[in-house]
Amino acid sequence: MKKITNKFLLCIILIGISFFSVGCSNEDPMAEEGYVNSELKADNLYEEAQKLAEETLLGNSTCVITRDMSNTEDTVIKAPVALLINRTDNICMYMKNPFKKMYPASLTKVVTALGAYNLSKDMKNETVTVSKQAASITESGAKLCGFKEGDQIKLYDLIVTMLVYSGNDAAMSVAEHILGSENDFCKKVTDISKTIGATQSNFVNGHGLHNDNHYTTAYDMYLIFDRFLEYKDSYTVAGEDEFVLEYTSKDGTANKKTFDATNKYLIGSVKAPDGVTVLAGKTGTTNKAGNCLILVSKGPDDKEYISVVLNAPSSTQLYQDMTNLLSYIK
């Protein structure tokens, strides 16, 4: 009787082990990649975002991704989120999770630039005085221009520096100058974003350094960048390979600094596919956002295209993904 009982118990144990190891697993296969935004990965608002986009934007002069459209089937783009829009004809050419909430990192600076263009009265003649807070960003790895409290810089030049070099002190200075506080500015630009259909975004700072409550989607970033490009000199401010900034320090000393672009297509270290010319764009990187990039390019047909890649695991993978995405233009 004892032997029978032991065998019975052993069978029960083995069945239990089999059940828990096979039948109860709910692991998301994307988690194996190790670079999906963990906090936002389980977001269940994707369908709602898609529905809102369709209802809000249908009939507008933008590309509307409808609910009957699905992700592009390929294994070439490794990043979890990517989007390619024919901006001239308002056609979606490639999509991969375009409504998934993601951290934008320094793509935020496009939003800040849009807010500045929208709210500033005379940016080429306005002078920004760098605050103590903007001159004191201490977050590890934060890209800084090295401005000091009291430095005086033309608003337009500061925006170019912010987009070309991605200086976080420059971005905070722009945000603080426009409405007197970064907080008020971010509330306003979030509202502006919603009015153009970017309803799934929330911005709490002007630079994109990580905050759990600071997020967007690839589709929202397309809408925001598309609107920014309507300003006549937007291609210049976001398309320079370097920028020479002249400004005045607090004591009246004249200063000059040269800032190289962070966009590898613009500086020539990465080549776009044949026939495709990258005109302008913005990079972004934080630990939680991964490596991000948004571009506007011209194809061999002279049409314009906006492309977005979010959350690539490395800079190398980011540019591989973007080059593969741009290849869809042909």
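The values are calculated or read from the model by the stated rules, or taken from the named source; none is laboratory data. Quick caveat: nothing in here was measured; it's all calculated off a predicted structure. Note that each Cβ is placed from the backbone with ideal geometry, even for glycine, and that neighbours are counted across all protein chains shown. Note: accessible area is taken over every heavy atom of the protein model, side chains too, but ligands, DNA and RNA are not part of it. Shrake-Rupley method; radii C 1.70, N 1.55, O 1.52, S 1.80 Å.
Nearest 0.05, what FRET efficiency do Asp260 and Glu48 give at R0 = 45 Å with Cβ-Cβ as r?
Details: r = 41 Å, r/R0 = 0.91.
The computed FRET efficiency comes out at 0.65.
In terms of the Cα gyration tensor, with a ≥ b ≥ c the square roots of its eigenvalues, is the range 58-122 rounded because a/c is under 1.5, prolate because a/b exceeds b/c, or oblate?
oblate
With no solvent and one point per C-alpha, what does the Debye sum give as log10 I(q)/I(0) for the range 80-183 at q = 0.12, 0.14, 0.15, 0.24 Å⁻¹?
Debye output, listed in q order: -0.49, -0.62, -0.69, -1.23.
Whole number in Å², please: accessible area per residue of the chain, 1.4 Å probe, ligands, DNA and RNA not counted.
With the other protein chains kept in place, the chain gives 47 Å² per residue.
Only sites in a loop by DSSP and with at most 15 other Cβ atoms within 10 Å count here; which trypsin sites (Lys or Arg not before Pro) in the range 70-146 make the cut?
When the trypsin sites (Lys or Arg not before Pro) of the range 70-146 are filtered for loop state and at most 15 Cβ neighbours within 10 Å, Lys121, Lys124, Lys132 remain.
Can you compute the modelled spin-label distance between Lys288 and Glu55, with each label point 7 Å from Cα toward Cβ, in nm?
3.0
R0 = 41 Å: FRET efficiency of Lys303 with Thr127, Cβ-based, nearest 0.05?
0.55
Whole Å is fine, so just give me how far the alpha carbon centre of the range 109-145 lies from that of the range 195-265.
Between the Cα centre of the range 109-145 and that of the range 195-265, the gap is 9 Å.
How far apart, in nm, are two points set 7 Å out from the Cα along the Cα-to-Cβ line at Thr253 and at Tyr231?
Each label point lies 7 Å from its Cα, and together they span 3.1 nm.
Give me the one-decimal nm value for the distance between modelled label points at Glu242 and Ser70, 7 Å along each residue's Cα-to-Cβ direction.
Each label point lies 7 Å from its Cα, and together they span 5.0 nm.
What residue among Ala238, Ser249, Asn263 has its Cα farthest toward the positive end of the dipole of the range 206-298, where the charges are +1 on Lys, Arg and -1 on Asp, Glu, each on the Cβ?
Ranked along the dipole, the leading option is Asn263.
Report the relative contact order of the chain, percent, no decimals, based on alpha-carbon pairs under 8 angstrom and at least 6 residues apart.
On the way: 636 pairs, mean separation 67.7, N = 330.
Relative contact order of the chain: 21 percent.
Starting from 0.36 nm per residue, how many nanometres of slack lie between Lys187 and Thr88 once their C-alpha separation is accounted for?
32.6 nm
How are the alpha carbon pair distances in the range 222-270 distributed across 10 Å bins from zero to the largest one, expressed in percent?
Calculated over all Cα pairs of the range 222-270, the distribution is 22, 34, 32, 12, 1 percent.
Please list, in chain and number order, the residues 5+ apart from Met93 or on another chain whose amide H is under 5 Å from its amide H, with Hs placed from the backbone.
Here Leu84, Ile85, Asn86 satisfy the definition.
Which three semi-axes in whole Å describe the equivalent ellipsoid of the chain, each the square root of 5 times a Cα gyration tensor eigenvalue, listed largest first?
41, 24, 19
Given charges of +1 on the Cβ of Lys and Arg and -1 on the Cβ of Asp and Glu, with all other atoms neutral, how large is the dipole of the chain about its Cα centre, in debye to the nearest 20? Don't skip to the answer; put the middle values down first.
Details: 33 positive and 41 negative charges, 166 e Å.
Using Cβ point charges on Lys, Arg, Asp and Glu, the chain gives about 800 debye.
Would you mind telling me the share, in percent, of accessible area of the chain contributed by carbon and sulfur at probe 1.4 angstrom?
50
List, in order, the whole-Hz ³J(HN,Hα) value for each residue of the range 71-83 obtained from phi through the Karplus relation with A = 6.51, B = -1.76, C = 1.60 and θ = phi - 60°; use x for Gly and Pro.
Computed from phi, the couplings for the range 71-83 are 4, 5, 8, 6, 10, 7, 7, 8, 4, x, 9, 7, 8 Hz.
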